[in-house]
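Quick notes on the structure that follows.
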Amino acid sequence: MIDSMGNARSLIIIGTQLNLTPVLISKFIRASTSRVVLITAVDETNPAAHPGAQLQDLDAVVAHARGQGATNLEVRKYQPGNVAELEQQISEAFAVGDIDLAITTTTSQYAAPRLGSREAPFDSLSIAKATQTFTEGLVMLRQLANCMASQGSGHLVALTDAETLDDHPIAEAASTVGIDSYAQSLGETAKSHGVRVIRARASRVGLMQKPTSPQDLAIAISEALLKKRKNTVKVIAD
Amino acid sequence: MGNLDTNTPIDAPTEATTGSAATPTNKIVDLRDGVRVLRSWGQPSGTAAKVYKARDLDQLREVVTSSTGRGLIPRGHGHSLGDAARCGGGSVVTLKRSLANPAVTGLNWETQRATVRLGATIAQINEELLVRGWFIPTGSTTSQSTFASALSTNALGPGGTVDGHAHSSVQSLVAMTSNGEVVTWERDRHKSQPSVGTQDGPIDIDSGSGFSAFIGGLGLVGVGLSAEVAIEPVTTSWMVVESVRSTSLAETLQLLEMASTTSPYATALIDPSATGLKTGRGLVRSARHAEIEDLPDNRQAEALKYDERIPSPPKSVSSRLLDPRIAHRVHKLRYYTWPTTPIVDLQPIAEFFHLDDVTGKYPSLVGPLGMVRYAFSIPQASGPHIASVLDAIRETGSTFGRVSINQTNSFSPTMLGHSRPCLSVTIDVANPTLALTDVLNECDQELVALGGQVALDSDSRLDAALVSEMFEKITQWREFKAQIDTHQRLASDLSRRLAL
């Protein structure tokens, strides 16, 4: 579990948004972090067909993590859209040992690819991709919460972007608001099992507000982990 | 309790008195589904575990032997500052009814020994013994922890010519192993056999090793049931306390050494606001038990009454005290209220021994980020190192709480703690900053180089890799645990974190 200094001994970062991952690793990996697990969707046969991570990006993330001192690093992949494989990868990661902190990046404003424009909200491809994002996000959260509940502790950070609905196409908006609500109710249920769910939600940018950088997001999450009742992290969307 | 006025036999807790365990009217599982999130004292987050309340030996045996998966750990009243009494995803068991009450089950005036139930709190034991004119001359800094917790963590109270560690008064103890077997472990007695056999046959347990492994063993080698302890006669429940202010760490350590070799009990409170050459200045307090004539007339009628009240801050304490700048001023101001020349005053036993009871009453003093206790012991010759630790923590901008130093002059049988004469330092840090992590990690490395150890009972952050370097008898302890806990039923968050 997170120790009294707010440090995680073991960390899992899961999702397709690999540009966030190095920042999160830099922020959360410490000398005391004994294990880092990366789970991401990679379509090795037809990368262009799915909004998953690219292999070359994954290699760069792995190199970065090792450079930061992650000696015990596991990389797990699943086929985009294959939720059974996703569930299995999560279960196997927990079977190796306890995991204190999990951060999901798939459903955030950073993670979700643009699924179309306001003018074409019902494009079938957009709907298919939104459905995939939504389904994977739910499965991810549910499986992580289940595994953490069985170890009696865990912090689960879910990146959602429910507060930017006005700027999103309908298909994406529907999926993200679903993820956010699910994470909220999951947090209510899971807390009695020792699992804390923190939502990182994007909000609209004001005139004087600077968009949240990935670095600021990582700092905000680390501060939320230390505070007992802070279960929502505000993110300013760009 | 009337039978305690005569010499009564010293015995183990009674066997089951309520028939089979877990009957509908006598559930051993707490709450409807039995799962609760358990936090440590001063920690913002916790872990969920199934909570059992064992009311007799049969129930305890059932709980312990049925433990599977992530294991089980005995838990007292939740006054541990670290994660030693939590078992995320597993189970915890607390001792109730016949395993905790009455606190004192036997008293032998001739040998000056008492048998106490380990499920009872220090306050309960004190209350029952003091009224008869006896006192256990060791203790913990909180009166609300159970005696089992005090022994499992080898808790340290003020000590001088009397060793302040909880183990020092204990002659033998009765514990239940993870196989459900009740064994007696005696101090310094080796090659004895368990008092009760097991269905797997008798285990060749070295009684002295069992004692040493249990003391400070964090509840991972057995569930403590009762102990035979040495007691000393007292005529009042008050202490005569002599206090004097010091101006530097060197003077503090010098005064503490003098007090520790001449007084039964001594401790030093440090002013953490001091910097430079003044770092480590503080108040050295030495104490002895008050005689009846030391008390004013109006106190003499109830001289042996145990008073657990302690002077406390007002009910409503502003969390602004957690601001490092304000805390700094408060510490500084307090230092200047301490006497420059020795003064003597009377204090109730609880006020002198149980300083942590204040912390328990005022969660607002802990802060939303929780409290980190950095407790460690170092060889007595390494005393000046304490100043560098204080300076390093101060630079992180964290808020200091209580800082104290105790000197131990005797050898300890514990395998998971400092076994030689040492200085024990306790530094409470409220509202820890992120920078504190790296600083304390560096301090840990320096401790290893000095031959020091972090106190595991209040730790929740030590790197597992350092355990083998810090504790020279860790291999011996692990071997004993493997022998006694063959099914690996006893486990805790701490044992998982440190791979014990």
B:SER424 fails exactly one of (1) within 14 Å of chain A (Cβ to nearest Cβ); (2) open to solvent by less than 30 Å² (accessible area, probe 1.4 Å); (3) touching a strand residue (DSSP E or B) at 6+ places or on another chain (Cβ under 9 Å), namely (1)
I want to confirm something. Restricting to the stretch A:90-103 and keeping residues that are over 15 Å from A:GLY137 (Cβ atoms) and crowded, with 20+ Cβ neighbours inside 10 Å, which single residue is farthest from the other protein chains (Cβ to nearest Cβ)?
A:ALA93
Looking at (1) farther than 29 Å from B:ILE215 by Cβ; (2) assigned to a helix (DSSP H, G or I); (3) away from chain A (no Cβ under 14 Å), which is the only condition B:PHE400 fails?
(2)
Selection from the stretch B:484-500 of residues open to solvent by less than 40 Å² (accessible area, probe 1.4 Å) and within 14 Å of another protein chain (Cβ to nearest Cβ) yields B:ALA491, B:SER492, B:ASP493, B:LEU494, B:SER495, B:ARG497, B:LEU498
Going through the stretch B:456-471 one residue at a time, which ones are within 14 Å of chain A (Cβ to nearest Cβ) and open to solvent by 30 Å² or more (accessible area, probe 1.4 Å)?
B:ASP457, B:ASP463, B:ALA464, B:ALA465
Would a scan of the stretch B:402-409 turn up a residue that is more than 20 Å from B:TYR265 (Cα to Cα) and open to solvent by 20 Å² or more (accessible area, probe 1.4 Å)?
no
If you check B:ALA166, B:ALA148, which single one turns out to be aliphatic (A, V, I, L, M) and open to solvent by 10 Å² or more (accessible area, probe 1.4 Å)?
B:ALA148
Identify all residues within the stretch B:449-465 that are under 17 Å from B:ALA499 (Cβ atoms) and free of Cβ contacts under 8 Å to residues at least 24 places away in the same chain; write none if there are none.
B:ASP463, B:ALA465
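Yes or no, residue by residue, for (1) more than 30 Å from B:LEU277 (Cβ to Cβ); (2) over 22 Å from the mean Cα position of the chain (by Cα); (3) open to solvent by 10 Å² or more (accessible area, probe 1.4 Å):
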site	(1), (2), (3)
B:ALA392	no, yes, yes
B:GLY397	no, yes, yes
B:PHE400	no, no, yes
B:ARG420	no, no, yes
B:GLY452	no, no, no
B:LYS473	yes, no, yes
B:ALA482	yes, yes, yes
Subset of the stretch B:62-99 that is over 15 Å from A:GLY152 (Cα atoms), among the small types (Gly, Ala, Ser) and surrounded by fewer than 24 Cβ atoms within 10 Å (Cβ to Cβ) - its residue that is farthest from the other protein chains (Cβ to nearest Cβ)
B:SER98
The stretch A:221-230 - residue that is buried (at least 17 other Cβ atoms within 10 Å of the Cβ) and not β-branched (Val, Ile, Thr) and, of those, modelled with the lowest pLDDT
A:LEU226
Has the stretch B:428-438 got at least one residue that is within 14 Å of chain A (Cβ to nearest Cβ) and without any contact (Cβ under 8 Å) to a residue 24 or more places away in the chain?
yes
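The values are calculated or read from the model by the stated rules, or taken from the named source; none is laboratory data. Because the structure is predicted, anything quoted here is derived from the model rather than measured. Cβ: placed from backbone, ideal geometry, glycine included. Neighbour counts: every protein chain shown. These area figures cover heavy atoms from the full protein model, side chains too; ligands, DNA and RNA do not enter into them. Shrake-Rupley method; radii C 1.70, N 1.55, O 1.52, S 1.80 Å.
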